[in-house]
Amino acid sequence: MAIKLPIYLDYHATTPVDPRVVDAMLPFFTEHFGNAASRNHPFGWAAEEAVDTARKQIADLIGANAKEIVFTSGATESDNLAIKGVAEMYREKGNHIITAVTEHKAVIDTCKRLEKDGYRVTYLPVQKDGLINLDELRNAITPKTILITIMAANNEIGVIQPLAAIGAIAKEKGVLFHTDGVQMVGKVPFNVNELKVDLVSMTAHKIYGPKGIGALYVRRRNPRVLLAPLIDGGGHERGMRSGTLNVPGIVGFGKAAELCRLEMASDTDRLLKLRDRLNDRLHKSLDEIYINGSMEHRLPHNLNISFAYVEGESLLMGINDVAVSSGSACTSASLEPSYVLKALGAGDDLAHSSIRFGLGRWTTEEEVDYVADKLAQVVTRLREMSPLYELAKEGVDLSTMQWQVN
Amino acid sequence: MAYSNKVIDHYENPRNVGSLPKEDPNVGTGLVGAPECGDVMKLQVKVNPTTGVIDDAKFKTFGCGSAIASSSLATEWLKGKTVDEALAIKNTDIVTELSLPPVKIHCSVLAEDAIKAAISDYKKKQGTAAKNVDTHAQPTA
């Protein structure tokens, strides 16, 4: 079968909507267009019933109760609602929040905003494998700590944090635990009670659902979590998120969650084989390539590799029929390389040389082979024109060299 | 981000990739940038000692497509120029020729730095070479 170009291997950024999800959504644009808050006619009832079904489908995916799902516009809003909502509601109890340096900007920047408002935030470092140190977490907790927010799986390196252990510590200390579950929920098993997590941010578009719809799991028992709303209005979603519900989006999110739950085992098995195939093939044809982050505690569909002596953006230029991301500064507006890779302590040069691969539901063996072979070819070509590669081959230790920085 | 056709052409068909012998007194080598900044350029010129004209120029670059294109273009321009003419090449000339966007201007600055560093190395070598000749002419022992 001929390969269709360009190849999409950026499933951590977003995913295409599964056609089965689109089919489920379509009637809710035209036929069942009612407002779920219209309590006194069949149009409203049909919408409300569909929302209830979706709420259950999403709750089932994470082992929660349907009443614990609050719909939002996406995970950025969910992160904001969880963190700011707890901060305001529990202000009298304390003003200290614990997070990690490798969190998504939706969490980091929300915490930074709270710091301006007088809250204190601890940003835990990560170890070389990308995981936080549990002793450091334990030591960071004070009587003023009201929230621990640590992401489930990282969006760049796919590393899965020790959630159950974090949840146990939080529970023991009586601190609420929020996790940004965007990359993990729907991909690998995730149960709010087993992990003892109190708040979970989710979004549909990372699990083959539509963009513009997300959710926040808010625990109702042991403990009952209260949140101050960000948006005031009609008191929808138990008063935590006012605004008319995006019914077609919610229906799509629900269907996407159901498909992920039913197909998780087979998807994981298939993706793990493809990811390892990509990794093996790259390692067979290239030397001095380094995996960023733990391979053991990692999403099955993620691979993040640094190709030493080659700069990431020039690599992307060479594989312009493949959609992937790089941690290189040149691919960002800030001219700063990935803060996640820098936090691993591997050195900025390796951050500049990194490529993130995200495999997904429609990735094929042929695509993986094509990408691996093309990359090997481009890396080899670029190394031949890399002064760093030449110096390394001459036996120069690049880390001890004096560079002329202007 | 869209690249200009000239950047793509230099990236796909870089001119004058390679290395000249570093020890040759007529070869000047410039190595600028740093790996942690994401750009390192090595640029070399070989000068004809009698005419003062650059006979050959080579580069190797670790960096984005625009950095590769800037150094490739620089080597093209250097060949056939005298040392003084080479020093007159400005980063803005490179920006114009390659239609570099504002975020890529640092690539052209680095290329200008590489040219200056290579020529300064050549001049230093010539100075040292001249001194060496002097030493030989007036043996102290």
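Taking the criterion of being within 15 Å of the chain's Cα centre (by Cα), more than 9 Å from chain A (Cβ to nearest Cβ) and surrounded by fewer than 22 Cβ atoms within 10 Å (Cβ to Cβ), the residues of segment B:97-117 that qualify are B:Glu112, B:Lys116. Within segment A:117-131, the residues that satisfy the criterion of being in a strand (DSSP E or B) and not aromatic (Phe, Trp, Tyr) are A:Arg120, A:Val121, A:Thr122, A:Leu124.
Residues that are within 14 Å of chain B (Cβ to nearest Cβ), crowded, with 20+ Cβ neighbours inside 10 Å and not aliphatic (A, V, I, L, M) within segment A:363-385 comprise just one, A:Arg383. Pairs linking a residue in segment A:268-282 that is at pLDDT 95 or above to a residue that is among the acidic types (Asp, Glu) and surrounded by fewer than 17 Cβ atoms within 10 Å (Cβ to Cβ), with Cβ atoms under 8 Å and 6 or more positions apart or on different chains, are A:Leu274/A:Glu365; A:Arg277/A:Glu365; A:Arg277/A:Asp369; A:Arg281/A:Asp369; A:Arg281/A:Asp373. The condition (being out of contact with any Asp or Glu (no Cβ under 7 Å at 6 or more places or on another chain), free of Cβ contacts under 8 Å to residues at least 40 places away in the same chain and outside the structural domain of A:Gly358 (by TED's automatic domain parsing)) is satisfied by just one residue among A:Lys173, A:Lys128: A:Lys173. Taken together, A:Leu147, A:Leu137, A:Leu114 contain a single residue that is touching a helix residue (DSSP H, G or I) at 6+ places or on another chain (Cβ under 9 Å), in a helix (DSSP H, G or I), at pLDDT 95 or above and crowded, with 21+ Cβ neighbours inside 10 Å, which is A:Leu137. If you go through segment B:35-67 and pick out every residue that is among the hydroxyl-bearing types (Ser, Thr, Tyr) and in contact (Cβ under 8 Å) with a residue 40 or more places away in the chain, you end up with 1. Here B:Ala86, B:Ala69 are screened, and the one residue that is within 14 Å of another protein chain (Cβ to nearest Cβ), in contact with a Leu (Cβ under 6 Å, 6 or more places away or on another chain) and at pLDDT 95 or above is B:Ala69. Among the criteria (1) more than 7 Å from chain A (Cβ to nearest Cβ); (2) among the small types (Gly, Ala, Ser); (3) touching a strand residue (DSSP E or B) at 6+ places or on another chain (Cβ under 8 Å), the one B:Ala34 does not fulfil is (1).
Of all the listed residues (B:Ala67, B:Ala88), the sole one being of a type in the set (Gly, Ala, Ser) and within 12 Å of B:His10 (Cβ to Cβ) is B:Ala67. Every residue in segment A:286-321 that is crowded, with 19+ Cβ neighbours inside 10 Å, over 23 Å from B:Val103 (Cα atoms) and within 14 Å of chain B (Cβ to nearest Cβ), please. A:Ser306, A:Phe307, A:Ala308 - these are the residues of segment A:286-321 that are crowded, with 19+ Cβ neighbours inside 10 Å, over 23 Å from B:Val103 (Cα atoms) and within 14 Å of chain B (Cβ to nearest Cβ).
The values are calculated or read from the model by the stated rules, or taken from the named source; none is laboratory data. Note that this is a predicted model, so its numbers are computed, not measured. Reconstructed Cβ throughout: ideal geometry from the backbone, glycine too, with neighbour counts over all protein chains shown.
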